[in-house]
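Engineer: Pasting in a structure now, in C-alpha cells, and then I'll have a few things to ask.
What follows draws every value from the coordinates through simple rules; no lab data is involved. Quick caveat, the model's predicted, so the values are computed rather than measured. Virtual Cβ from ideal backbone geometry, glycine too; neighbours counted across all protein chains shown.
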Amino acid sequence: MIFLTRSQAGRDSFMAIKILPPDLAAKIAAGEVVERPASVVKELMENSIDAGSSQITIEIKEGGVEQISVIDDGHGIPAEEVAIAFQRHATSKIDAQDQLDAIATLGFRGEALPSIAAVSHTTIITRQPLNTAGFRLELLWGEEGSSGAQGCRPGTSIEVSDLFGNLPARRKFLRSSSGETSRIQELVSRYALVFPCVRFQLMVDGRISFTSPGNGLPREALLAVYGPQAAKAMLEIQEDNPETGYQVDGFVSAPSLSRANRSYMTFFVNRRWVQSRMLSYAVEEAYMGLLQIKRFPLAALNIIIPYEDVDVNYHPSKREVRFREESRVFSTVQRAVRGVLVADSPVPSLAPPPESDYRSAIPTSFFPRSAFGGGRSGGGMLDYSPNPMGEPAVGADPLQPAPPLKVVGQLKLTYIVAEGSAGMFLVDQHAAHERVLFDRICEKKEGQEAQYQPLLEPISVELTPAQGDTLKTNHDELVKYGFQFEPFGDGSYLLRAVPAIFSDGDAAKSLLDVLDTTAFEGLVRQKEDVTAASIACHGAIRAGKSLTEPEMVALLEQLEATPNPHTCPHGRPTMVHFSSMHMEREFGRR
Ligand code: ADP
Ligand code: MG
C-alpha cells in the first residue's frame, strides 16, 4: 500500500507564482463581463446608446452563438483609436477619479470590447459622420488581424461570431438557441422601454423579431413591447421631487392586469438596467390589498437620482448598483406607484390579501411560531403540537392517505374546517384542489385524449417574446393537456380550445397565466410537471370563493383519493392538523 504524505499529495498542484500570460488573463477577465450572448448584446447596445445613436439594429443567428451584429448611427470612433478601444481599460467616457463618482454614461470600465474580442471573432467597421471613409479592424480571440480603410455609412457596426469558440466549457453552459434568443429579445425590449427616442430593431435568424418606433413617445414604445391589450391597462408615472432630485418615470399596470411571476417588472436607475429585489418589493408593496396572492404587477420604471447617490461600479456586469440612501429610494418608488394606483381607482376597502405564508394564518398568541420549526415532515401536513411540555412536534407521513374528514364549515372563504378522528383539520381549499387537479392531469396524460373545451369563437392572444418562447418549448405538453392554438402572425396565437378545467374562465388569461407560471416554475422543476402544475394552479378554486357544503364534501373526498394528499404541487401543505390532545390541553381538560 502506498501512503502519500501531505506534501507529496500537494506537489502536483504546486507551481511557482507567476503572472498569467496575457491571453489567459484576458480570457478569465472576459468571463466576468461576457457571460452569454445576451451580455454581448447588452454591452454593444450600451456603447451604441452612449454614442448618441438614434437607430440600433441587432442581428443574431443561432441564439447569438453563431453571430451577433450591432449596427448603429452614432458618432463612430476615429480610425486611429479603433485598436486602442480594444485594449483593456480603454475608455473615452471617464478620465479621472472624480468622474467615477458621478457616472452619466452606461459604459465606463473600458472592458466590454476587449472582453468580447477575447472570446470571439470580432469585426468592427466605424465611421465618424464628418469623415468620408470608415475604418475596419478584425480580431480573432483578441489578436488584431487585418485592418484598413473601408467605405461605410456613418456610425459603428460590430460583428461578433463564433462566440466562446475558444472557451468550450462556457459554451456548454449556454441554454438552447431559443433560450438564448429569448433572453436577447427580452433585453432589447427592456431597453426600448426606457430609450423611446432610439429606434431598436432586432432580427433573429434573418427575420424581424421586434421593432420599436423610436419617436420619443414612451407610450408607443410600451405598445411595441407589451402589445395593445396590455399597453392600454398601463398607468403612466411621472413623479418629480425637486427637493431630493429624485424622479420616477415609466409605467405600471392597473390592478386589473397582473402576471403570475415577477419577471414583468423592469427597473432602470439613471437609465441603466438594474436588478434589485428592493425595487420590486417597493412596487409590490404599493399594490398591497389590490392584487391576489401570487399575482404580480407589470412595471417599467426609470428612477432618476443624483449620480453621486448611486454606486454603479459595484459589479463587472454593472447590473447591480448600490444606493446611498436605500430607504429613500424605496419610499420614493413605493409612493409614486401607490399615487397613480389610487388616482386611477380609489383603493377599495379590501382587507390585505390572505397571507401566502400558512404560518401567519394562525394567531401567534395561540400557536407560538417557534413550534413550527420542527413540525414539518417532508413538506407535508402540519401537525400542530404547541410544545409547552417540550414534546417534539409530530409531522404526518406525507405518503399516508388523507384521513376521512367531515365538513364543519368554511373559514375566511379560504379554509375548510373539518373534523377527523384525530381532531380538527383546516384544509386550504386552493392548495387541496390544486393537488386534486394536478394528480388528475398527470394521470390522464398517458395515451389518453386530453379533456378540452373548444371555444365557441377562437380568440386571438398576443404573447410577449418570452411567452412565445415558453409556448414553443412546452408546445407538446400544452397540447397534451388540452390547449389548442395556432400561430396568428406577429407574436399572436389563435386559441381554439382550453383544458376542460378552464371551461368557465377567461380562456386567454388562462393561457397567459399558464405560460408565465411555466416559465417561472421551469427554473425549478422537471419539464412535464411544470405545465401540469401551472394548469392545476390556475384551474383550482381560489381562496376567497364561497363553497357550498356539497362542494366541500366533494373536495375532501377527492383529496382523500389522491396518492399524495398532504401537499400541493408546489410543496405547500394542503391541511393543518390540530390534535384532540392539544385542544384538551389548551382548555385545561388534561
Ligand atoms: P466603455 O464603454 O466602458 O468605455 P468599451 O470597451 O465598451 O468601454 O468601449 C471602449 C470605447 O470604445 C468606448 O469608450 C468608446 O469610446 C468606444 N466605442 C465602443 N463602441 C462604440 C460605438 N458603438 N460607437 C462609438 N464609440 C464606441
Ligand atoms: Mg461599453
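Engineer: Compute the FRET efficiency between ALA149 and GLN87 as 1/(1 + (r/R0)^6), taking r as their Cβ-Cβ distance and R0 = 25 Å, and round to the nearest 0.05.
Structural biologist: E between ALA149 and GLN87, to the nearest 0.05, is 0.70.
Engineer: A further question on this structure: When the chain is fully extended, how far beyond the present Cα-Cα distance does ARG322 get from ARG335, taking 0.36 nm per residue of separation? If you can, show how the numbers build up before the last one.
Structural biologist: Working: separation 13, 0.36 × 13 = 4.68 nm, distance 2.04 nm.
Gain on extension, ARG322 to ARG335, equals 2.6 nm.
Engineer: Work out the P(r) tail for region 458-590: percent of alpha carbon pairs separated by more than 17 Å, whole number.
Structural biologist: 66
Engineer: Using only the Cα atoms, work out Rg/Rh for region 238-318, with Rh taken as the Kirkwood radius, to two decimals. Show your work: numbers first, answer last.
Structural biologist: Details: Rg = 13.7 Å, Rh = 13.7 Å.
Taking Rg over the Kirkwood Rh, I get 1.00.
Engineer: Taking 0.36 nm per residue of separation and subtracting the Cα-Cα distance, what length does fully extending LEU130 through LYS472 add? Show your work: numbers first, answer last.
Structural biologist: Numbers: separation 342, 0.36 × 342 = 123.12 nm, distance 4.67 nm.
Gain on stretching LEU130 to LYS472: 118.5 nm.
Engineer: Now, a different point. How would you classify region 134-276 from its alpha-carbon gyration tensor, with a ≥ b ≥ c the square roots of the eigenvalues: rounded for a/c under 1.5, else prolate if a/b is greater than b/c, otherwise oblate?
Structural biologist: Here region 134-276 falls in the prolate category.
Engineer: If you keep only loop residues by DSSP, which GluC sites (Glu not before Pro) in region 226-325 have at most 14 other Cβ atoms within 10 Å of their Cβ?
Structural biologist: Details: sites: GLU236, GLU239, GLU243, GLU284, GLU285, GLU308, GLU320, GLU325; in loops: GLU243, GLU320, GLU325.
In loop regions of region 226-325 (DSSP not H, G, I, E or B), the sparsely surrounded GluC sites (Glu not before Pro) are GLU243, GLU320, GLU325.
Engineer: Loop-only trypsin sites (Lys or Arg not before Pro) in region 124-230, please: DSSP not H, G, I, E or B, and at most 14 other Cβ atoms within 10 Å. The partial results should precede the final answer.
Structural biologist: Details: sites: ARG127, ARG136, ARG170, ARG171, LYS172, ARG175, ARG183, ARG190, ARG199, ARG207, ARG219; in loops: ARG175.
When the trypsin sites (Lys or Arg not before Pro) of region 124-230 are filtered for loop state and at most 14 Cβ neighbours within 10 Å, ARG175 remain.
Engineer: Right, next: Can you pull the one-decimal nm distance between simple spin-label points at ALA25 and GLU586, each 7 Å off the Cα toward Cβ?
Structural biologist: It works out to 6.8 nm between the two label points.
Engineer: Contour minus end-to-end for GLU419 and ALA343, with contour as 0.36 nm per residue of separation and end-to-end as the Cα-Cα distance?
Structural biologist: Details: separation 76, 0.36 × 76 = 27.36 nm, distance 4.66 nm.
So the chain would gain 22.7 nm between GLU419 and ALA343.
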